[in-house]
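Student: Here it is: the structure, laid out below.
The values are calculated or read from the model by the stated rules, or taken from the named source; none is laboratory data. Only a predicted model underlies this, so the values are computations on that prediction, with no experimental measurement involved. Quick reminder, even Gly has a Cβ in these numbers, built from the backbone with ideal geometry, and neighbours come from all protein chains shown.
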Amino acid sequence: MKLVFLDMKEIREKEALHLELQEKLMLPDYYGKNLDALHDVLTEGKPALFLIFENCSCADDGMQSYLEQVKTLCGDIADSNPLFLYKFFL
């Protein structure tokens, strides 16, 4: 299982989050850098993956709202892939 840490203290915008995900997950250049594209790559082949979002309380209000959408997306993916785990830490 691949373990990926994302420090939200360092990530201030959703574009930066997607760039970090692209780098850490080694996603292809054509990755669309949005939630639909993230869903597609995380459900394709059902990878064994544990995403850990740290320092979520450091995100500003706009990013907090986006993180809630990411959390919902992760929950949907986890429901269909028992090898996908995620955790959001304040």
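Student: Out of the residues in segment 65-90 meeting the condition of being in contact (Cβ under 8 Å) with a residue 24 or more places away in the chain and hydroxyl-bearing (Ser, Thr, Tyr), tell me which one is surrounded by the fewest Cβ atoms within 10 Å (Cβ to Cβ).
Tutor: Across segment 65-90, the extreme among qualifying residues is Ser80.
Student: Still on this structure: Of all the residues that make up segment 51-70, how many are under 10 Å from the mean Cα position of the chain (by Cα), of a type outside the set (Val, Ile, Thr) and not in a helix (DSSP H, G or I)?
Tutor: The number of residues fulfilling the criteria is 2.
Student: A further question follows. Take the residues in segment 44-64 that are modelled with pLDDT of 95 or more and farther than 16 Å from Asp7 by Cα; name whichever of them is surrounded by the fewest Cβ atoms within 10 Å (Cβ to Cβ).
Tutor: Ala48
Student: Could I ask something else about it? Checking the conditions here, which among Leu27, Leu21 is closer than 25 Å to Pro82 by Cβ, in contact with a helix residue (DSSP H, G or I) (Cβ under 6 Å, 6 or more places away or on another chain), not polar (S, T, N, Q) and not in a strand (DSSP E or B)? Break it down stepwise before answering.
Tutor: Values: Leu21 fails: in contact with a helix residue (DSSP H, G or I) (Cβ under 6 Å, 6 or more places away or on another chain).
Every option except Leu27 fails the conditions.
Student: Now, a different point. Mind checking which pairs have a first residue in segment 13-34 that is farther than 18 Å from Lys2 by Cβ and without any contact (Cβ under 8 Å) to a residue 24 or more places away in the chain and a second that is of a type in the set (Asp, Glu) and surrounded by fewer than 17 Cβ atoms within 10 Å (Cβ to Cβ), Cβ under 7 Å, 6 or more apart or different chains?
Tutor: Listed by first residue and then by second, the contacts come to Lys33/Glu15.
Student: Do the conditions hold for Ile11, that is, is it within 11 Å of the chain's Cα centre (by Cα) and of a type in the set (Val, Ile, Thr)?
Tutor: On the way: within 11 Å of the chain's Cα centre (by Cα): no; of a type in the set (Val, Ile, Thr): yes.
For Ile11, the condition - within 11 Å of the chain's Cα centre (by Cα) and of a type in the set (Val, Ile, Thr) - is not met.
Student: Could you list, in sequence order, all residues of segment 1-18 that are surrounded by 15 or more Cβ atoms within 10 Å (Cβ to Cβ) and in a helix (DSSP H, G or I)?
Tutor: Lys14, Leu17, His18
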